[in-house]
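Below is one structure, written out as structure tokens; comments come after it.
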Amino acid sequence: MQGVLLVAVFLVCELGFIGVLGWLLAQAETEASQQEFAREVDSKANRLWLLMYDRGDAIGRYSRSLELGAPGKVRPSTEEVPSLIAFLRGAFKDDPQALALLLKIERDIALCLPVTIDIEQHSAELALPGGKAIWDRKRESIQPVVNQLVLEIPQLAAMGRRIDKTDPEQRRLERQFTERVLLLGLFINLFVVLLIAYLFVNRITARLEVLTENTSRLKGGRELKPLLGGDDEISKVDVVFHDTADALKREMEVLKAGEARIRALIEDIPVGVILLDPNGAIELINTSIESSFKYSSHQLLGKRLPKLFVPGQAVVEGAPHAQPAQVAFKHTVELTGLDRDGRDLPVEFMLADIEMAGESKTLAMVMDATEKHRIKKVRQDFVFMVRSELKEPLTKVSAFLHKFGDGSLGAISAQGADTTRAMQQNIERLIILLNDLFDLEKLEAGKIDIDPATVQLSDIISRSISAVEMFAQKYDVQLEVSECDLEVYADANRIVQVLVNLLSNAIKFSPTKGIVSLTVKQTSTDVEIGIVDSGPGIPPSQAQAIFEAYRQVEGEGAVKKGGTGLGLTISKSIVEAHGGKIGVTSEVGKGSKFWILLPINKMEKE
């Protein structure tokens, strides 16, 4: 508010000074106009006098020429006289004395001009004998009027000069007054400027210095100076500054508390955390790393990541550089660590680039996989035991029940045949489950057998349809197959396994009298095989989850259909091992379409 008042006072003074200057300028312009008008009136009056003088002089010369017997002509013109009279009448409209004199002059001119004009028009006749006497009479008739005009017109000119009423003394006084006004305005402006400077220095600059000091104190984390008093804008800014400083202080306390919680979380999390600087040096580890690798923090800070791993592992070797290996958190790699005592340590390793305070860094997460490896070894031993101790006996029992059920070993009752078929179906389901477990184990170990070759797709489809025909008859579902004449680069047995799984699922979930279609469509690089059913469909939220191990479509109907939950997982792994893709498009209540893409030939596969 003080700044506004100071500026307002300054503006008022300046506007007053400008107003005085404007008034003086108007006075000067008025005076100049009067002087100019007076000069013009004087000029017009003198011009009128000159014209009349020239007229009289011309008549005199003509008279002398008549006396000498060589008459000339009356030349001077009087055309300007009316306009000069009109101008002078307007100029003296407010001066009765001058206007009366002008009217007399105008009458005298009106008396003289006709005579002079007549002389001019009859100048030739006046040159004849006896013409001089006529000329003398005419001249004598107007001579007194001409003499009077010679006196009156200068008087009128003198009256015109009186229009400029300002005498030299008055002009001098006016100039002195103008000088005093200007000096007073300059003094007032100088005084206001000095006053504003004084107030600014004492009331504004000093308070601004307090704000500057508070800024420095805030930057250094020191206590701010007390609040400035008053209700002006600077005081309000100071209040806002203090409030902001208090808010920043609270935010810093919250950030410090959050940082402490995050650090405590990092320290206590059961996963090893390593932070690498842009140069690949270790700048932070948590207690899990210390515990797993038997190093203390100071022994690893500044070291390189390969110090914790068995040499020769590409992911680790690439991590410390400016552009570390791009391994996202959702993709882990299994590596072999090396503790301080030189013992191998199986771990799962994840790596990601992060931004911290505008600086690119690398975050590595290391999880001890010792227990996971132990469980995996137990599972492998279990699978091996199942394969050797269960699969072969179950296969033999299944073959025996098949012969027993069809009467090859002797006639049995109908009830015995039904019981035998039920037992055989259970054993076959168990064998399928075991086969899925074996395949899953191979897939997880990366050892699934894929032996691709260029094969006719029609042969693969024919074998797949033959394998599920009886199953389709059981569910009363019709199979439709489109013809094709294409070659693919694939392991025929494995692709048959995938198609049988997809066809079996489609048959199980199709309604009675439903139709399951197998379609083939070729693109420029791939062939698409589609299995279309008219079943209940798959909710969008489960479209990707069904390809995970032991996952099935949720719902009572799915449970009743049975299954291990491994078929689609194994199918996905087989297709991806061929360099292909598998997926599903479905709409609840309108059926589903499972599709696989396979390369057409060996060159595209490679």
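Values quoted throughout were computed directly from the atomic coordinates according to the rules given, and no laboratory measurement underlies them. A quick note: this is a predicted structure, and the numbers were derived from the prediction, not measured. Virtual Cβ from ideal backbone geometry, glycine too; neighbours counted across all protein chains shown.
Quick one: pull the percentage of alpha-carbon pairs in the stretch 183-308 with a separation above 17 Å. Could you put the intermediate results ahead of the total?
Numbers: 5738 of 7875 pairs.
Tail of the P(r) past 17 Å holds 73 percent of the pairs.
Skipping prolines and chain starts, which residues have an amide H placed within reach, meaning under 5 Å, of the one on residue 269, given they are 5 or more residues away or on another chain?
The list, which skips near neighbours in sequence, is empty: none.
How many percent of DSSP beta bridges within the stretch 448-548 run antiparallel, rounded to 5? All intermediate terms of the calculation are to be shown ahead of the outcome.
Numbers: 10 of 14 bridges.
If I count the DSSP bridges inside the stretch 448-548, around 70 percent turn out antiparallel.
Between residue 245 and residue 180, how high is the FRET efficiency from 1/(1 + (r/R0)^6) when r is the Cβ-Cβ distance and R₀ = 60 Å? Nearest 0.05. Walk me through the numbers on the way to the answer.
Values: r = 56 Å, r/R0 = 0.93.
E between residue 245 and residue 180, to the nearest 0.05, is 0.60.
Which entries of 44/93; 474/508; 396/474; 294/361; 513/590; 219/361 have Cα-Cα distances beyond 18 Å here?
Details: 44/93 15 Å; 474/508 10 Å; 396/474 25 Å; 294/361 25 Å; 513/590 15 Å; 219/361 27 Å.
Those over the limit are 396/474; 294/361; 219/361.
Please list, ordered by chain and number, the residues whose modelled amide H lies under 5 Å from the amide H of residue 566; skip anything fewer than 5 residues away on the same chain.
550
Counting only residues 5 or more places away or on other chains, whose amide H sits under 5 Å from the amide H of residue 339 once H atoms are built in the peptide plane?
It is 345, by chain and number.
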